[in-house]
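The values are calculated or read from the model by the stated rules, or taken from the named source; none is laboratory data. Bear in mind that the values here come from a model prediction, so they are computed numbers and not experimental data. A quick note on method: Cβ atoms are made from the backbone with ideal geometry, for glycine too, and the neighbour counts reach across all protein chains shown. Just the protein is used for accessible areas: all its heavy atoms, side chains included, with ligands, DNA and RNA removed. Shrake-Rupley method; radii C 1.70, N 1.55, O 1.52, S 1.80 Å.
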Amino acid sequence: FTREGGGSTGIYRGLNCGPGSGDDADTVAANRARAMRHLRFADDALVTVYQVHGREVAVIDRLPADARAIRADAMVTKRPGVALGILTADCAPVLLADAQAGVVGAAHAGWRGAFDGVVEAVLTAMEAQGASRARVAAAIGPCIGADSYEVGPEFVARFRERDERNARFFSPGPREGHAMFDLGGFVRATVEACAVGSVELLGLDTCADEDRFFSYRRACHRAEGDYGRLLSAIGLADD
């Protein structure tokens, strides 16, 4: 989903689906229900967890009473009628499905989660539910683009020390010693390295496109204090 539609106003204008934001709770709930109706799911089918920029995976076999109490950055399910939701505002949402096995997954991949292996972790959890990596189709949603993501030399060094081939995800920045980081490209390469069946990167820059996307970095530049959250969701139809 983009931020278009929804009932939030001000800095949250549009379809803010983040209960962790400072937006009106009833409006956020209405936005989330609206998204579910668009996907032809029940209003209360959406599960979003407390994301911590890690690699923990939650197996969702029922609708939890309080999903916000679950601290994780990825989820898997094989239960129809449950929608797994990832909330982002520059980080990369990754949605995955093995349609034949009836197993879906979703991951919140900021640079730290992607670097620490959240994609590998969610695929391993999907395999435990009966999925096959070779059948998994993955999609990487809107995230901050390389033209908007300036990082310092210590950031670049961390990636190059891990693997010198990571240098391809950096280009010279406007300030001396700084670089521009291609988060989407890095996440795509990480997914491809896991030998999935297919992967698609939307390549849409959340920071540069204010009309369609919320952005943490843009909000920080403007000292706005808070920001809305975009929703990316996947689930199995409840026949």
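Of all positions in region 154-171, at least one carries a residue that is modelled with pLDDT of 95 or more, in contact with a strand residue (DSSP E or B) (Cβ under 9 Å, 6 or more places away or on another chain) and either within 22 Å of Ile234 (Cβ to Cβ) or open to solvent by less than 10 Å² (accessible area, probe 1.4 Å) (or both).
Mind listing whichever residues of region 1-42 are polar (S, T, N, Q), touching a Lys or Arg at 6+ places or on another chain (Cβ under 9 Å) and either buried (at least 21 other Cβ atoms within 10 Å of the Cβ) or free of Cβ contacts under 8 Å to residues at least 40 places away in the same chain (or both)? Passing the criteria: only Asn16. Looking at region 174-192, can you tell me whether even one residue there is in contact with a helix residue (DSSP H, G or I) (Cβ under 7 Å, 6 or more places away or on another chain), part of a helix (DSSP H, G or I) and farther than 20 Å from Thr88 by Cβ? Looking through region 174-192, none of the residues is in contact with a helix residue (DSSP H, G or I) (Cβ under 7 Å, 6 or more places away or on another chain), part of a helix (DSSP H, G or I) and farther than 20 Å from Thr88 by Cβ.
The residue pairs whose first member lies in region 93-109 and is in contact (Cβ under 8 Å) with a residue 24 or more places away in the chain and at positive phi, whose second member is crowded, with 22+ Cβ neighbours inside 10 Å and outside any strand (DSSP E or B), and whose beta carbons are closer than 9 Å, counting only pairs six or more residues apart or on different chains, are Gly102/Ala131.
Kindly indicate the residue of region 173-202 that is without any contact (Cβ under 8 Å) to a residue 12 or more places away in the chain and within 17 Å of Ala121 (Cβ to Cβ) and also least open to solvent (accessible area, probe 1.4 Å) among those meeting that condition.
Filtering region 173-202 for residues without any contact (Cβ under 8 Å) to a residue 12 or more places away in the chain gives 176, 192-193.
This time we only want the ones that are within 17 Å of Ala121 (Cβ to Cβ), so: 192-193.
Details: Glu192: 101, Ala193: 86 Å².
Checking each candidate, the answer is Ala193.
Being in contact (Cβ under 8 Å) with a residue 12 or more places away in the chain and in contact with a helix residue (DSSP H, G or I) (Cβ under 6 Å, 6 or more places away or on another chain) is a property that Asp90 has. Of everything in region 203-222 that is among the basic types (Lys, Arg) and out of contact with any Leu (no Cβ under 8 Å at 6 or more places or on another chain), the residue that is surrounded by the most Cβ atoms within 10 Å (Cβ to Cβ) is Arg218.
Of all residues in region 147-172, which are under 21 Å from Leu204 (Cβ atoms) and without any contact (Cβ under 8 Å) to a residue 40 or more places away in the chain?
Residues of region 147-172 under 21 Å from Leu204 (Cβ atoms): 147-151, 168-171.
Selection gives Glu150, Val151, Arg168, Phe169, Phe170, Ser171.
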